[in-house]
Amino acid sequence: MATFEKLSEIKYIQDDTDNLVCTLENAQNINKHTEYILRVQKGPSKGNKWTVSRRYRDFASLHLSIQQAYIDLPLPPKKLIGNMQPSFIAERQVALQQYVNEILKYQILALSLPVRRFLDPCSYPLHLAEEALQTVSIALRGDGQYELKGPLQNINWRIRKHYFHVVDSKRTNCLLAWQSYGPDKHLYNKDLQIALKSMQSLSHPFIGEILTFHILESGAFVVRQLHEQGTMRDLLYGTEYDKSYLAKYGNPKVRKPFTTRQIAHYGYQILQALKFLHDKGLPHESILHLTLSSSSWKRGGATLDELLQHPFFVRALNGFVERDVKGHLKFPLTLKEQIKEAALCVESRLKTDQKLLRTARREVRIQEILGSDEEMKKQRRKAKKRDSMWKSMSSLAETVRSQSASTTSSPTPPATAYCSTTGDSSGASPPAAGEGRGALLQAICSFNKKSLARVGSR
């Protein structure tokens, strides 16, 4: 559950993690340039759709902004001559559709601000970072404890979370994290103030200290010590903490995986911190259980106590004793109940979203199997061809039968003697011209459609 999120009646209903699906529906020529019409759907709800118009140069600008991720993307090249021809526009529309599909395949790109702003400009205005900087500057000026050195732009993937470099009175480097409220804030500002004050008094060897915090109407910020080695992910990728996350995590050339001993050591500390917070009534999303194994999830998932007792993590104690990992955190009783209710609200929303997502995926699968336009057209053409063939054969059979019936009812003409050119008469009768035709008519009349072999069709 995110800490800084606003109440239902005043919150900003915007989930920046919803999936986006984009389809290039059409292209139109306007003022000697081509605009492509993009149909965008956000999340599992079919009603959450809109259209946006983009030129080729907009695609090129997007490509330039996400190029720092070092991910190979198939942007079609620019063309100066013949770029208004219908055939070329149709080909480019197909190529741009493939380009967008490739972008949305990568989660790190699909959740990035440039891509979100390209597909949903109304929800992601250009002044998000400027507003955060202005708000933090005013708040720090009134507080007087910290001096703002500057923003740390795009070091994290969250769009509405902004980081700033600040220093205290002793010139110690600190990290300020500003977060605007989101759809899962279910605490009033007064309760949130009490919760953060309790968190500030938290003492635990594996949880970073909150130096100060500030609650505002649009969001809140906390200040912690700045670790210039970076996060654990920065250590894994061997990168610096203040670089753009697209450059750090997109397609890095360097990776430094942890040893088994390091994994056990860090994992033990994380589990101890989670267990401590869980025992104090602070919930974490149950999706953490999914990271263990499918078999573990089927039986309800392993508990934190079970994991901590596992030999893999027990070996990571490295001299720690039980008293070393004890901590202190105290919440008022009424606030504990509020936190429980907030956790239930968040889980309820997640379950509803998952149900909608499963329904949408099921419908898409059914349409792929049964509702393909090309497949339906193909089946209709085959059926029409079969009907036409059977009608033609039936009509031919009826015609042959009628002709055969008329031939049988007519009297047989008398035999006529033939004379040779020399005047000699012959007793032999002339060849019957109707014998071959009669045999053919008899074969056609006796034709049976059921004797034909069946042809399998899809």
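Since every read-out is calculated from the coordinates, none of them should be taken as a lab result. All of these numbers come straight from a predicted model, not from anything done at the bench. Ideal geometry is used to build each Cβ from the backbone, glycine not excepted, and the neighbour counts take in all protein chains shown.
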Checklist entry - Cβ under 14 Å from Q354's Cβ, Q354 left aside: what net charge do those residues give with Lys, Arg +1 and Asp, Glu -1? => result +1
Next on the checklist: With an 8 Å Cα cut-off and a minimum separation of 6 or more residues, compute the relative contact order for the stretch 145-232 in percent.
Outcome noted: 24
Checklist entry - Which lysines, on any chain, are close to K355 with Cα under 26 Å apart, when same-chain ones fewer than 8 places away are left out? => result K6, K11, K42, K46, K49, K105, K185, K298, K340
Checklist entry - Counting Lys +1, Arg +1, Asp -1, Glu -1, what net charge surrounds K79 among other residues with beta carbon under 14 Å of its beta carbon? => result +3
Item to check | Label point distance in nm, S218-S201, each placed 7 Å from Cα along Cα→Cβ | outcome: 3.2
Checklist entry - Where Lys and Arg each count +1 and Asp and Glu each count -1, what net charge lies around Y36 among other residues with Cβ under 15 Å from its Cβ? => result +3
Checklist entry - Do any of K79/K253; K253/K351; K149/K248; K170/K330 go past 26 Å between their Cα atoms, and which? => result K79/K253; K253/K351; K170/K330
